[in-house]
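Reading through the structure tokens given below for one structure.
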């Protein structure tokens with residue numbers, strides 16, 4: 001599989017070292033179905049970025065997590081960040097190469113905003129390798145750009161020069177039809193009201209603050225200091241209000257012209273082995 005140039009990638013990432021309230025609520029809204037996994041599930045995330053999704057998993061007591069990142073600088077960041085989490089494995093490698101040489105079996109293999117960077121031939125290799133390392137009751141999840149969204153599909157496809165693909169519900173189902181059953185769902189930003197309710201309830205706040213006391217930052221001194229978590233609540237609420245409006249507008253326009261059921265700007269595809277009869281609802 002071809003290695004792409006991700007120089008400068010880390011510099012484009014958000015400055016926050018860990019998950020914040022709005023992202024926590026967003027992951028819970030879109031990935032709550034993953035909480036049916038047993039807490040001892042073995043999870044592999046490809047291209048984890050700053051580890052926000054891993055943070056969400058940790059907040060829900062998942063421990064056996066492997067993070068594979070091709071970017072050397074981000075790998076170093078994650079190694080430092082999760083230094084106190086001995087059950088979390090950080091690997092500097094390309095995804096297919098890692099899967100072909102790893103002997104572990106996983107309950108979940110997941111990526112977010114990764115497969116659009118992969119060519120069609122390499123995507124086939126990734127899915128074949130994922131299937132070999134997936135337990136029969138496990139599943140693969142990829143979140144990616146949805147080309148069926150008339151407003152943002154093309155924009156997101158070409159906003160980054162390293163993007164090589166974009167997908168629709170139909171293309172993802174056809175792509176993996178031989179080896180997998182595929183279910184696709186809309187990515188839905190949390191509403192302003194839902195976000196406020198989650199903050200008032202305080203459950204995510206408790207989890208986030210507990211996590212903040214355990215992770216460390218590589219830019220701090222070598223005497224691992226705890227993270228001081230002080231997000232701007234107003235900024236998060238405003239950001240999510242704008243995202244919610246954009247999602248509603250883009251999805252609404254797309255439904256007028258596209259026959260697909262999944263028309264959000266991002267699409268979440270869940271793949272299950274065809275050898276497993278029971279299909280997991282998402």
Subset of region 223-268, residues at pLDDT 70 or above, surrounded by fewer than 14 Cβ atoms within 10 Å (Cβ to Cβ) and not in a helix (DSSP H, G or I), comes to 259, 261
Residues (free of Cβ contacts under 8 Å to residues at least 60 places away in the same chain and over 19 Å from residue 258 (Cα atoms)) located in region 166-177
175, 177
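Here's the yes/no breakdown for (1) within 19 Å of the chain's Cα centre (by Cα); (2) at pLDDT 90 or above; (3) surrounded by 14 or more Cβ atoms within 10 Å (Cβ to Cβ):
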position: 99; (1), (2), (3): yes, yes, yes
position: 104; (1), (2), (3): no, yes, no
position: 121; (1), (2), (3): no, no, no
position: 145; (1), (2), (3): yes, yes, yes
position: 163; (1), (2), (3): yes, yes, yes
Would you check if residue 142 is in contact with a strand residue (DSSP E or B) (Cβ under 9 Å, 6 or more places away or on another chain), within 23 Å of residue 250 (Cα to Cα), in a loop (DSSP other than H, G, I, E, B) and touching a residue at least 24 places away in the same chain (Cβ under 8 Å)?
no
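Looking at region 103-121, which of its residues are farther than 12 Å from residue 46 by Cβ and either touching a residue at least 12 places away in the same chain (Cβ under 8 Å) or assigned to a strand (DSSP E or B) (or both)?
Step one: filter region 103-121 for residues farther than 12 Å from residue 46 by Cβ, giving 103-105, 107, 116, 119-121.
Correct list: 104, 105, 107, 116, 119, 120.
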Among what's in region 37-91 and is part of a helix (DSSP H, G or I) and more than 17 Å from the chain's Cα centre (by Cα), pick the residue that is surrounded by the most Cβ atoms within 10 Å (Cβ to Cβ).
81
Counting only residues in region 252-262 that are in contact (Cβ under 8 Å) with a residue 12 or more places away in the chain and out of contact with any strand residue (DSSP E or B) (no Cβ under 7 Å at 6 or more places or on another chain), the one nearest to residue 187 (Cα to Cα) is identified as 261
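Do you know which of the residues in region 194-222 that are in a loop (DSSP other than H, G, I, E, B) and under 22 Å from residue 87 (Cβ atoms) is modelled with the lowest pLDDT?
For region 194-222, the residue satisfying everything is 218.
The values are calculated or read from the model by the stated rules, or taken from the named source; none is laboratory data. Everything numeric here is computed off the predicted structure, so don't read it as measured data. Glycine gets a Cβ as well: all are built from the backbone with ideal geometry, and neighbour counts include every protein chain shown.
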